[in-house]
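The values are calculated or read from the model by the stated rules, or taken from the named source; none is laboratory data. Remember, it's a predicted structure, so these values are computed and weren't measured experimentally. Don't worry about glycine lacking a Cβ; one is built from the backbone with ideal geometry, like all the others, and counts go over all protein chains shown. Side chains included, ligands, DNA and RNA excluded: accessible areas come from the protein's heavy atoms. Shrake-Rupley method; radii C 1.70, N 1.55, O 1.52, S 1.80 Å.
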Amino acid sequence: MEISSYFQNATIDELKKGYIDEQDSYLCLLCGEQIEKGIIYPQDGTLYEAEKFMQRHIKDAHQSVFHYLLSLDKKMTGLTEHQTKLLELFYHGKSDEEVKKALAIGSASTIRHHRFALKEKERQARNFLAIMELMKEKDNHAPSFVPVHKTATMVDDRYNITEEEQESITAKYFKDGVLSKFPIKQKQKLIVLREISKYLEEQESYSEKELNQLLKTIYDDYVLIRRYLIEYGFLDRKADGSLYWLKK
């Protein structure tokens, strides 16, 4: 299962922790890092058992689960840019007066209004979650949708992809790991790029030459594939194009 699937299917408690407890390891929901159970991990003169080491990993690699979730695209969080800034200041324990100064807001009453609006959003989200859980118990015809990858740059109808569609399109365009042609339709394009991203190692960085060589084994027009992998949020790079890596 892809890390996006684990992330999308995680419970609220699992999302708050940032990792899930599997049989033999702990899995980071934010990047896919796995910490094997039953091993003592030394770091900076301290010995950690597996779960504590996972918590240390999240702090070192992601700052915190809160900051990671807040950094997701607004279509993944439903938050405006202004609400995101407010939540970060509230998270750091800033008083209403401090928030007012930091964001150049006119009055403390405006801050209270924003706090109330966020509480209303929380209440609505909780009710909606309950409605969806109850609906799923009765809806026997709902298709299985492919999770939107967390680094998606533009979430719209093209992401309305079922697992059946993904399998069908992948079988149509790929044979033995080679892409026969690059599709024109946006949804098919996304499915193809998702499949190609699986050939990239999550923990590895590539020089432009290395990446080109890898992509060339999949499709002749590797420049086109590289460009779309970046455009769709699968791949990131340095400004000078000297280094590329799979976004987490």
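Over all orientations, region 117-248 has a Cα convex hull whose mean projected area works out to 10.9 square nanometres.
Of the Cα atoms belonging to region 155-223, the radius of gyration and Dmax stand at 12.8, 35 Å. Ignoring lysines fewer than eight residues from residue 187 along the same chain, the ones with Cα atoms less than 22 angstrom from its Cα are 74, 75, 150, 172, 175, 198, 247, 248.
Divide the volume of the convex hull around the Cα atoms of region 1-137 by the residue count and you get 133 Å³ per residue. Here the label points at residue 71 and residue 44, each 7 Å from Cα along the C-beta direction, are separated by 1.8 nm in the simple model.
Protein heavy-atom accessible surface, 1.4 Å probe, per residue over the chain: 62 Å². When the solvent-accessible area of the chain is split by element, carbon and sulfur atoms take up 51 percent of it, the probe being 1.4 Å. Between exposed GluC sites (Glu not before Pro) in the chain, where DSSP calls loop and at most 14 other Cβ atoms lie within 10 Å, what's the longest gap? It works out to 50-200.
Rounded to the nearest 10 degrees, the inclination of helix 108-138 to the longest alpha-carbon principal axis of the chain is 50 degrees.
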